[in-house]
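In what follows, a single structure is set out as structure tokens and then discussed.
Only the coordinates and a few stated rules stand behind these numbers; no lab work does. Everything quoted here is computed from the prediction, not taken from an experiment. No Cβ is skipped: glycine too gets one built from the backbone with ideal geometry, and neighbour counts run over all protein chains shown.
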Amino acid sequence: MTFFRCLLMALLFSSSAYAESLYFGIRRGFEGTRAVGMGNAFVAVADDNTAIFYNPAGLSQLQKGESNWFLKADLDPDFLDLMDEVDKAGNDKTNEVQQITDLLAKNYGKHYSLRLPSLGFLWARPSWGLAIIPTDLSIDMRIDKSVGPAINLVAIQDTTIAFTKNWKINKWKDKGAFSVGVTGKLIYRMNVDELVSVANIALNDEVFNEKNAKEGMTLDADVGFLWKGPWERWNPSAGIVIRNIGDYGYFSNLKLIGDQTGSPQRLNRVIDIGSSIELPDWWIWSSKLAFDIRDMLHPNWNLMKGLHMGIEFQWKVFSWWRGGWRAGLNQGYPTLGFTGEFGIFKLDLATYGEDVGIADQRIQNRRYMTTMSLDF
């Protein structure tokens with residue numbers, strides 16, 4: 001089943017829902033595949049163009065300007081399998097309701113996710129950066145028991161324009177380098193948040209009921225700080241970021257989809273802190289260790305969901321031929337990552353586990369992220 005059909009099926013699920021769903025994970029905005037591969041511990045690393053979203057103070061580490069055009073997908077393979085099974089169950093019109101009921105019943109408690117291919121552009125320089133991400137659609141589903149089997153569905157589509165300004169302060173050179181950065185974000189969000197019954201799935205003849213989607217525009221900002229120690233050995237660094245510092249909701253609804261007046265899910269104000277050190281270089285290799293506590297203040301946060309740590313081994317043969325290997329822990333689940341860069345083409349791969357359970361019941365959702373990009 002194609003990504004497009006998966007999207008249509010997810011929207012079908014939402015078209016005649018009767019209650020609001022519950023989601024216990026932590027959805028973030030832009031996530032870089034490199035960072036995900038090293039456990040998403042990147043607050044104090046933030047040394048590439050993704051610093052626009054991870055820590056705007058990190059742009060001061062860039063030696064020159066970087067522009068990046070990317071196509072990215074984040075996939076839970078079980079999502080596609082479930083969609084195929086629902087599709088097959090729906091083909092049996094004489095016993096459709098029972099077929100779908102049995103299918104959902106055997107998958108009670110399971111979580112499924114998909115972040116459809118997103119397009120974007122990042123342009124960063126040592127003192128400022130610009131990001132334009134027209135499409136970033138994520139879909140999360142959990143099979144639950146309600147009156148009968150039901151699907152908790154949360155789908156969020158963000159269109160984001162972000163601008164970062166960075167200031168590097170060298171007044172206290174003997175105490176290290178200190179940087180401050182601010183990323184202003186204009187986000188237009190469309191959100192479906194529904195609990196869907198078997199009857200809704202089986203009896204609905206519409207592919208998409210646009211009136212169920214809530215939408216709104218908001219303007220917010222991330223503020224970041226980064227300190228890099230004055231010692232060449234280990235090069236320690238520490239950072240802190242306050243994300244979505246306003247978190248006041250949505251000020252405009254352009255009604256691009258329908259006439260729904262409700263507001264989408266809030267961005268949620270959170271605080272991230274992190275630290276990193278550099279290991280001694282060896283031959284073609286350079287390495288970093290990082291440790292973060294992220295998403296503090298999020299309503300679904302607990303200490304385990306906030307823990308991130310990772311290690312990165314970067315290699316460089318020539319300026320046009322380089323890459324890296326990564327490993328880490330994201331919320332206690334292992335991550336792996338790879339980057340291969342040849343000329344202007346770059347391929348990033350990562351796998352990671354996301355905790356989508358409640359505090360006393362951890363549930364891992366294993367995902368695979370791929371990014372293809374052109375770097376200039």
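Measuring from the lowest to the highest alpha carbon on each principal axis, how far does region 295-376 reach, largest first, in angstroms?
Computed over region 295-376, the largest-to-smallest principal extents equal 49, 22, 20 Å.
Report D for region 123-163 in µm² per second (integer): Stokes-Einstein, Kirkwood Rh on Cα pairs, 10 °C, 1.306 mPa s.
On the way: Rh = 13.1 Å.
Rounded, D is 121 µm²/s.
With each pseudo-label sitting 7 Å past Cα toward Cβ, what's the ALA73-ILE284 distance in nm, one decimal?
3.0
Over the chain, what is the mean sequence separation of C-alpha contacts under 8 Å (at least six apart), divided by residue count, expressed as relative contact order in percent? Each step should come with its number before you reach the end.
Working: 1053 pairs, mean separation 78.2, N = 376.
Over the chain, the number comes to 21 percent.
Working out 0.36 nm times the residue gap between VAL97 and ASP84, then minus their Cα-Cα distance, what length gain in nm do you get to one decimal?
Values: separation 13, 0.36 × 13 = 4.68 nm, distance 1.60 nm.
That pair, VAL97 and ASP84, stretches by 3.1 nm at full extension.
Return the equivalent ellipsoid semi-axes of the chain as a descending list in whole Å, where each equals the square root of 5 times an eigenvalue of the C-alpha gyration tensor.
Sorted largest first and rounded, they come to 39, 22, 19 Å.
How many angstrom lie between the C-alpha centres of region 244-269 and region 116-145?
Answer, in whole Å: 17.
Only Cα pairs within less than 10 Å get springs; with that Gaussian network setup on the chain, which residue of TYR248, TYR333, TYR23 has the largest fluctuation?
Highest fluctuation among the options: TYR248.
Okay, helix-only estimate at 222 nm for the chain: each DSSP H run of n ≥ 4 adds -39500 (n - 2.57), divide by all residues, round to 500 deg cm²/dmol; what do you get? Spell out each step's value before the answer.
Working: 7 runs with 55 residues, N = 376.
Only helices count here, giving -4000 deg cm²/dmol.
Fewest to most neighbouring Cβ within 10 Å: what's the order for THR159, THR94?
On the way: THR159 17, THR94 6.
Least to most surrounded, the residues fall as THR94, THR159.
Please report ILE139, ILE132, ILE151, ILE187 as a ranked list, fewest other C-beta atoms within 10 angstrom at the top and most at the bottom.
On the way: ILE139 24, ILE132 14, ILE151 27, ILE187 21.
Ranked by crowding around the Cβ, least crowded first: ILE132, ILE187, ILE139, ILE151.
Can you give the three extents of the C-alpha atoms in region 63-202 along their principal axes, from longest to shortest, in whole Å?
Per principal axis, max minus min of the Cα coordinates gives 74, 29, 24 Å.
For LEU59, LEU75, LEU254, LEU347, what ranking results if the residue with the fewest other Cβ atoms within 10 Å of its Cβ goes first? Before the final figure, lay out each step's value.
Numbers: LEU59 30, LEU75 19, LEU254 9, LEU347 15.
Fewest-to-most Cβ neighbours within 10 Å comes out as LEU254, LEU347, LEU75, LEU59.
What is the calculated FRET efficiency for THR261 to LEU186, with r their C-beta to C-beta distance and R₀ = 25 Å, to the nearest 0.05? Display every interim value, and only then the final one.
Details: r = 21 Å, r/R0 = 0.84.
Given R0 = 25 Å and the Cβ-Cβ separation, E is 0.75.
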